[in-house]
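Here the structure comes first, spelled out in structure tokens, and everything after it is commentary.
The values are calculated or read from the model by the stated rules, or taken from the named source; none is laboratory data. What you are looking at is a predicted structure, and each value in this text was computed from that prediction instead of being measured. Here the Cβ positions follow ideal geometry from the backbone for every residue, glycine too, while neighbour counts run over all protein chains shown. Ligands, DNA and RNA are excluded from the accessible area calculation, which covers all protein heavy atoms including side chains. Shrake-Rupley method; radii C 1.70, N 1.55, O 1.52, S 1.80 Å.
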Amino acid sequence: MNHILPAFVAAALLAAPAALAAEAGADRAPPPKPPSAMTPTEIKAYNEGLPQTHPYYIKCRKMLEIGSLVKKNRTCYTNEKWKEVIANSSQNARDTTEQFVSGGGSSSN
């Protein structure tokens, strides 16, 4: 019994910051404009007080431009939108792979 109480208190203390962070962004509205159209300063101001796991937290990634060795494009989305983009990309890759494995993508000359 003496060992259970300290473990319970420790678990409650560890969970408290996460619960407070979730409450902090609970009433947050989606960004007012597309995140890729926002400046880094606007994104930083919007993300202020939001936990990085919040659905509306904005994350940016720099991606190489196709056909260029040095030019990069900044792409910004909310966590919610990134999940959707990644799911669509994964599904497209699976569909393409399945098409070629089944023989639908082979060309006959």
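If only the Cβ of Lys and Arg carry +1 and only the Cβ of Asp and Glu carry -1, the dipole of region 41-109 around its Cα centre is close to 320 debye.
Counting other Cβ atoms within 10 Å, keep those with at most 12, restrict to DSSP loop, and tell me which GluC sites (Glu not before Pro) in region 53-102 are left. Don't skip to the answer; put the middle values down first.
Numbers: sites: 65, 80, 84, 98; in loops: 65.
Those satisfying the criteria are 65.
Only protein heavy atoms count here; on that basis, with a 1.4 Å probe, residue 96 has an accessible area of about 70 Å². The label-point distance for residue 71 and residue 97, in a model that sets each label 7 Å from Cα toward Cβ, rounds to 3.1 nm.
Could you please state how large a percent of the accessible area of region 24-101 is carbon and sulfur, counting protein chains only and using a 1.4 Å probe? Show your work: numbers first, answer last.
Details: 3240 of 5780 Å².
C and S atoms contribute 56 percent here.
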